[in-house]
Amino acid sequence: MSTWGRNNGEQSPKKNWSLVEARGKMETFCSYQERCPWELRRKLFEKGIQGEAIETILGELAASGFVDEERFARAYARGKFRIKRWGRNRIRQELKLRDISASIIQKGLSEIDGEEYFALLEREAEKKWEKTKEADAYKKRYLVTKYLLSKGFESDLIQEAMASLTTKSDE
């Protein structure tokens, strides 16, 4: 056994929560940031709570307003768009990974203003265009497009932004 009390690199077991303790901890967990049921299930499972107990706690949290999928989706979409500057495809994909239904994802994405969205796409394209050190314009266009796709922007909008960007740079 090592001096830290662990053998063979294993971590010491985490303390499991009681049901009462779990509900209180989940209320605190939800009160400082919007959470979705998927995140809460994961956290509860890590703390040794399983099955019906998880669903009971989630039901109580939803009833008392601590967790709301639609509110989460709207906040998530706004935050990732404004702070991380992600496109709709990336936000949609991340919400799907959190088991959010398609109809709620659509409500979340409705938080993003279309004009603001395209303006951000153009700014991101211009910024990446300026940073990309490539002499061949075709390769440069490809690299910028690939970057914008990875950020989750739609290819038709990227092509539109790239067209307006290349006409500006030609002038």
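The values are calculated or read from the model by the stated rules, or taken from the named source; none is laboratory data. In this text the structure is predicted, and so the values were computed from the model without any measurement. Glycine also receives a Cβ, built like all others from the backbone with ideal geometry; neighbour counts cover every protein chain displayed.
Residues of segment 116-134 that are under 15 Å from G87 (Cβ atoms) and charged (D, E, K, R): E116, E122, R123, E124, K127, K128.
Among the residues of segment 87-140, the ones that are surrounded by 12 or more Cβ atoms within 10 Å (Cβ to Cβ) and among the small types (G, A, S) come to 5 in all.
Buried (at least 16 other Cβ atoms within 10 Å of the Cβ) and either under 25 Å from S164 (Cα atoms) or not aliphatic (A, V, I, L, M) (or both): does that describe K84? Judged against the criteria, K84 is not a match. Candidates R41, R23, R74: the one that is at negative phi, at pLDDT 95 or above and assigned to a helix (DSSP H, G or I) is R74.
Results for (1) closer than 21 Å to E124 by Cβ; (2) assigned by TED's automatic domain parsing to the domain that holds G24; (3) without any contact (Cβ under 8 Å) to a residue 12 or more places away in the chain, shown as yes or no for each residue.
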{"residue": "L40", "(1), (2), (3)": "no, yes, no"}
{"residue": "Y76", "(1), (2), (3)": "yes, no, no"}
{"residue": "R92", "(1), (2), (3)": "yes, no, no"}
{"residue": "I100", "(1), (2), (3)": "no, no, no"}
{"residue": "S103", "(1), (2), (3)": "no, no, yes"}
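Out of the residues in segment 128-147 that are outside any loop (DSSP other than H, G, I, E, B) and hydrophobic (A, V, I, L, M, F, W, C), state the one that is nearest to N89 (Cα to Cα). By that ranking, first place goes to V144.
Taking the listed residues G87, G152, the one that is assigned by TED's automatic domain parsing to the domain that holds A73 and modelled with pLDDT of 95 or more is G87, with no other qualifying.
So that you can scan it fast, the table gives a plain yes or no per residue for (1) outside the structural domain of G87 (by TED's automatic domain parsing); (2) of a type in the set (D, E, K, R); (3) in contact (Cβ under 8 Å) with a residue 12 or more places away in the chain; (4) touching an Asp or Glu at 6+ places or on another chain (Cβ under 9 Å):
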{"residue": "L120", "(1), (2), (3), (4)": "yes, no, yes, no"}
{"residue": "R123", "(1), (2), (3), (4)": "yes, yes, no, no"}
{"residue": "E126", "(1), (2), (3), (4)": "yes, yes, yes, no"}
{"residue": "D136", "(1), (2), (3), (4)": "yes, yes, no, no"}
{"residue": "T145", "(1), (2), (3), (4)": "yes, no, yes, no"}
{"residue": "M162", "(1), (2), (3), (4)": "yes, no, yes, no"}
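Condition test on K84, is it without any contact (Cβ under 8 Å) to a residue 60 or more places away in the chain and farther than 30 Å from R23 by Cα? So K84 passes the test.
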